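Contents: one structure, followed by commentary.
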Amino acid sequence: MTFEQLLDLLSDLHPEVDFLHAEGLIDNKVLTSFDVVSIAAELSETYDVELGAVDIVPENFNSARALFALIQKREDE
Amino acid sequence: MTFLSGGFLLLVGGLLIIYYALPKRLRYLALLGGSVAFYALCGPKFLPFLAVTVLSVYGTARLLGRNLAAQKAYTALHKKNLPKEALTAYKQRQNRKRTALFLLGLLLNLGLLGALKYTSFLLEAFHAPWRVDWVLPLGISFYTFQSIGYLIDVKRGKYPPETNLLKYALFASFFPQMIQGPISRYDMLSKTLYEGADFDWDRLGRGLVRMLWGYGKKLILADRLAPALSLLFRAQAAEYRGSWVLLGMVLYALRLYADFTGGIDIALGVGELFGVTMPENFDRPYLSRNIEEYWTRWHMTMGSWFRDYVFYPLNVSKAFLRWTKGLRGRFGNGFLSRLPLYAATLLTWLATGVWHGAGWNFALWGLTNGVVIILSLTLKPLYDRFHGRFPGLKEKKGYRCFEILRTFLLMSLIRLWDCYAGPAGVWGAFSSLFTTWNYGQVAAQLSALGLSGAAWAILLVGAALLLFVSLKKGEGSFRRFLDSPWKLWLTAAGLLLLCLLLGAYGPGYTASDFIYGRF
């Protein structure tokens, strides 16, 4: 999965947010718990990246870059 | 013993002296001693149940930690000389061992909670020929969930287990949070729980202000409203229908807020006296603009517990992901493909409802929340389309007020499950809102609730003050105001005076229990 594909996925959920630069997506309540599980489902279905419950912590979802780093880690495993 | 008893204040006062007299490294022992004393004074027969939870969770977590550490060492040692498949197989074997251990600890504690809390209800529900009359240990739902959260985190490798049994026992039993939470996380609470704070007048003053603010909410507002609400919600109160129900909803919202946030203020204030920072449990929930937001601002530690340990794991479980995949393959990205998400939402809310207590009302309260959340998710495209046609409306002050009022009324309606016995009672009250038009009667007979004119005035001013503080807290000005020492101590003195003058207490008066103390 590329970073651009992740940005597209996030933008589909919240077109009004600039995910390239936005930080604190969870802390500032930009992403809700439903967004988080929608992202996890989409990653699993379209990109075959499976996140575990242990991965779903604010640090991994607070910015697109943090989420992308997590995805790369899971892809490498 | 409750927060409202003289014994509690004596215990806190005595503990403060002992705590600050001890060397820093031993101060946590004073807190542990105080916690055991508090729990024993609440009911010595409850202590064995707490001990079972402490010992079983501590032991299980230690074994999990030992297994994880051994796996790490083995992997590091054999990373280069063993094939990848052999290492993976080894990790899988260890993971299975940890899962078995974890399940043992989990089932023991959930089983204990379940047996004590739900046996009586289940026997009755299934018309069993015998009954049990077991007393629920104080705060069992809170300390069990806090302990299970810790166990899950250790199992996930989020942090290593606590090796000191006494320190762990303090985490599980820290007395201010025993009655009604908050449900703390080990990695957050342990930062300040064991370090032994230096004595600081400023912190002491802040803790006192927080406690007195909580006592004020409880004694001046919540307990003043309690008798009137008992009258309104009593069984078969056929005369209190229609607008009486609406009035009851609003007054109950005020009472519940004052009671629960008041109790949490006292708990957090006591913690602050000892330099212990516990998590906030509320973030001005009645200013929420929708139900989803409300549940991120009301009883936050319980909400985040169910989110992190039930909702997320369910949704990212292999079974749910496979189910979603299958549905998307067959039905595309529409409503049906979201069935797993909706099922997880309903299960989480059912569990949340049942956590509150054994009874159909609790389960139905949880499910109603889940259904309303699912409805709001399903209708989101319509909502977005509406706002697409009226851009900028969301940011208008009037519209924001409308959203806040709508959410307040919706949550108050859902709370009818708290107020009336059984589905028939709730339905009778709910339907009367639309069929019985008796505003005039309510206005003329307000005195029937037993509240004097002065009591109504106090309640109105109190509610307005809570709203004012909520609005100000958003800008941080209330905290800044207390930065000045003389303002801090003056506020403490003022709050104490208000509690003494206006609080409901004294001879002939029995303080009502904290509502969340029942759970």
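Normalised by the number of residues in chain B, the mean separation of alpha-carbon contacts (under 8 Å, six or more apart) gives a relative contact order of 19 percent. For the pair B:GLU239 and B:LEU410, a Förster radius of 25 Å applied to the C-beta separation gives a FRET efficiency near 0.45, rounded to the nearest 0.05. Straightening the chain between B:LEU122 and B:ARG203 buys 24.4 nm, computed as 0.36 nm per residue apart minus the Cα-Cα spacing. Counting Cβ atoms of other protein chains within 10 Å of each residue's Cβ and taking the mean over peptide B:288-299 gives 1.
Ordering B:LYS72, B:LYS218 by the number of other Cβ atoms within 10 Å of each residue's own Cβ, fewest first, gives B:LYS72, B:LYS218. Taking chymotrypsin sites (Phe, Trp or Tyr not before Pro) across region B:17-126, the ones in a DSSP loop with at most 16 further Cβ atoms lying within 10 angstrom of their Cβ are B:PHE126. When the pairs B:LYS45/B:LYS167; B:LYS117/B:LYS473; B:LYS318/B:LYS473 are compared against a 31 Å limit on Cα-Cα distance, B:LYS117/B:LYS473; B:LYS318/B:LYS473 fall above it.
The Cα center of region B:269-311 and the Cα center of region B:148-220 differ in position by 14 Å.
Here the relative contact order of region B:6-199, from alpha carbon pairs under 8 Å that lie six or more residues apart, stands at 36 percent. Across peptide B:310-319, the average count of Cβ atoms from other chains found within 10 Å of a residue's Cβ is 5.
Relative contact order of chain A, taken over Cα pairs closer than 8 Å and 6 or more residues apart, is 35 percent. Between B:HIS78 and A:ASP18, the simple spin-label model (points 7 angstrom out along Cα→Cβ) gives 5.2 nm.
Of all lysines in the structure, those lying under 27 Å Cα to Cα from B:LYS79, and not within fewer than 8 positions of it along the same chain, are A:LYS73, B:LYS91, B:LYS97, B:LYS155, B:LYS158.
The residues packed around B:TYR309, meaning those with a beta-carbon under 12 Å from its beta-carbon, carry a net charge of +3 if Lys and Arg are +1 and Asp and Glu are -1.
Summing charges over neighbours of A:GLY52, with a neighbour being any other residue whose Cβ is under 9 Å away from its Cβ, gives 0 when K and R count +1 and D and E count -1. What the phi angles of region B:138-149 give under the Karplus curve with 6.51, -1.76 and 1.60, with θ = phi - 60°, is a coupling list of 4, x, 4, 5, 6, 6, 5, 5, 4, 5, 5, x Hz, glycine and proline written as x.
If you take all other residues with their beta carbon under 13 Å from the beta carbon of B:GLU395, and give Lys and Arg +1 and Asp and Glu -1, the sum is +3. Coupling constants for region B:450-459 follow from the phi torsions by the Karplus curve (6.51 cos²θ - 1.76 cosθ + 1.60, θ = phi - 60°), and in residue order they are x, 9, 6, x, 5, 5, 4, 4, 4, 5 Hz; glycine and proline get x. Put in order of Cβ neighbour count within 10 Å, fewest first, the listed residues B:MET211, B:MET178 become B:MET178, B:MET211. In order along region B:324-336, the phi-based Karplus estimate (6.51 cos²θ - 1.76 cosθ + 1.60, θ = phi - 60°) of 3J(HN,Hα) comes to 4, 4, x, 5, 5, x, 8, 10, x, 9, x, 4, 5 Hz; Gly and Pro are listed as x. Taking every residue in A:41-49 and counting other chain Cβ atoms within 10 Å of its Cβ, the average works out to 4. Note on B:SER452/B:LEU490: beta-carbon distance plugged into 1/(1 + (r/R0)^6) with R0 of 25 Å gives a FRET efficiency of 0.25.
Every number in this text was worked out from the coordinates using simple rules, so none of it is lab data. This is a predicted model, so every value here is computed, not measured. Neighbour counts are summed over all protein chains in view; Cβ atoms, including those assigned to glycine, are modelled from backbone coordinates with ideal geometry.
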